[in-house]
Each structure stands twice: as C-alpha cells, then as structure tokens.
Amino acid sequence: MKNILLAILLFYMLFSLTFCALQRKLLYFPQPASDIYGEANIHFDINGELLNGWVLNEGQAKALIYYGGNAENIEANIPFFEAVLPAYTVYLIPYRGYGDNAGVPTEQALYSDAVHIFQQIKARHESISLMGRSLGSGIATYVAANRKVDKLVLVTPFDSIENVAKDIYWMLPVSLFIKDKFRSAEHVKDITAKTYIFVAENDQVIPRARTERLIALFNEQLVEVIVVSGAGHNTISQYSTYVDGIRRALN
C-alpha cells in the first residue's frame, strides 16, 4: 500500500511540474498567417518589436480594435467587418508570436502591446471602441480599464483564465503555478465604456459560470447581454443574433 501511495504521489508531482513547465504552450495556440486575405497593410513598432496587421476602411472617424481568440486567424474576420461595420476603421493586429509576428506571447506583453497600439492610433480617430473574443476579451477589458474607450464588446469572455484553468485542472494547485492569469474581473471597476457581452449558449470552452461571474461585476456601464441560442464557442459568429447584435452595439 505504501508503494502505491508513493507512486501516486510521484505521478502527481510529475504531472504538476509538467503543467508548470508547459503552461504557456497549453494556453497559447498561435496560428500562422493566411495568404487568402492579402498581405498585412499596417505596422506598429513597439519598443523595437514590429507587429504587423490589417486595417480596414481607413479614414473613418470611429475606430474599432479587435482582439482575437486564442487559435483564431484574426485576418479571417476581414470579410465580416467589411460587411458589418463599414462606418468603422477596423484594426486587426495579431498578437506577438501569432501570424507572422515575432515574439513570445505572455499576459504582460500582450497588455503592453495593446496599450502601445491604442496610443499610436488614438489621434487618428474621434473615438475608439474595443472588441475582444475569448482570450481577446481579457486584453480588451485591460485596455478599457486603462484608457478612454467609447464602447466595449466582449464575446465569450471569462472572469479570469486562472479560474478557467482551475475548472479544468481541478486536481492541481493552479493558483500557485499559473503565470498568465488574465483576471478580467479585477478590471471591471475601472471600465466606463458602454459594454455589450455576447454569450454562446453551448460554449464548451469557457464555462458559463466564468462568464456569469464577470457579468455580475458590471453596473450601469453594462448595456446588454446577448445570449446566442444554439451557438458554440467557435461558431457564435455564424449566427444572425450575433451579427445583428454587433451592428446594434456599434451603430
């Protein structure tokens, strides 16, 4: 019996150490850039690191910065935004380490990059709105809490990546190990932007409880919560309820 318990303990310790060592590979799933939508047409120099991306509908008074999901090819949203938001200049900038961009994604690096990009474009527009999907919702909430933003759209958001990981890896002391926590819940009190939240009814990636806890922290800045019936985490943008809701939020 003692040998069995020792073996279980050793396996648990090995599993915990493996999780600790590989946690960023388990969190970030960068996709290579696609050549279907043309080459990147805008570039941002951030402390010597060049981030390339796409800008649509240049010259509009209103701008939208979109922060994509974890394994998302952000440029695949070009047709959607061209069709749905022609009155906005839309910025689609892959994170560092994503697409053709160099660098290694970490929570603090993504926050810093997002703020630098915001600062570089704010003088070009009368107002800037933010839209973040899944992982991108954590970045959008951070920027909205630290800069003046017109509207904030969150798609399949969470209260924190830390809590999402705790739900998945319930057997591990996640809070002791995790490096990139993305605690969106802590930023809500500092957000003044009119906020719209989109929930996928059948989300298999972000537990509903994680989204509901975030929603509960908003006060008068929360304008609308749209639950997209039948939608999954990766299919929500295919539903008319979502498309109509985006138009309504950003009209």
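The numbers here are math on the coordinates, done by the rules we state, and not lab data. Treat the numbers as computed from the prediction; the structure is a model and nothing was measured. Note that each Cβ is placed from the backbone with ideal geometry, even for glycine, and that neighbours are counted across all protein chains shown.
Quick check: residue separation of L50 and S240 times 0.36 nm, minus the Cα distance between them. What number comes out in nm? Intermediate results must be reported in sequence, preceding the final value.
Details: separation 190, 0.36 × 190 = 68.40 nm, distance 3.62 nm.
Length gained between L50 and S240: 64.8 nm.
One Cα centroid belongs to segment 62-88, the other to segment 223-242; the line between them spans 16 Å. The GluC sites (Glu not before Pro) of segment 30-129 that DSSP puts in a loop, and whose beta carbon has at most 15 other beta carbons within 10 Å, are E39, E58, E126. Annotation for segment 25-55 versus segment 114-151: alpha-carbon center distance of 17 Å. Would you please give the FRET efficiency between I168 and A102, computed as 1/(1 + (r/R0)^6) with r the Cβ-Cβ distance and R0 = 45 Å, to the nearest 0.05? Efficiency for this residue pair is about 0.90. Stretching the chain fully between A71 and A123 yields a gain of 15.6 nm (0.36 nm per residue, less the alpha carbon separation).
Label-to-label distance for N251 and N57 is 1.5 nm, based on points extended 7 Å past Cα in the beta-carbon direction. Footprinting exposure proxy ranking of L172, L26, L110, fewest other C-beta atoms within 10 angstrom first, gives L26, L172, L110. Legend: ranking of residues Y169, Y196, Y67, Y95 from fewest to most surrounding C-beta atoms inside 10 Å; resulting order Y169, Y196, Y95, Y67. Simple spin-label estimate for R147 and E82 gives 2.5 nm between the two label positions (7 Å along the Cα-to-Cβ direction from each Cα). Among the DSSP helices (H) of the chain, those spanning at least 20 angstrom by Cα along their long axis with an average Kyte-Doolittle hydropathy of 1.0 or more are 2-27; this is a geometric and hydropathy rule only.
For a modelled paramagnetic label at K179, 7 Å from Cα along Cα-to-Cβ, the residues of segment 70-106 in reach, with backbone nitrogen under 13 Å, are 104-106.
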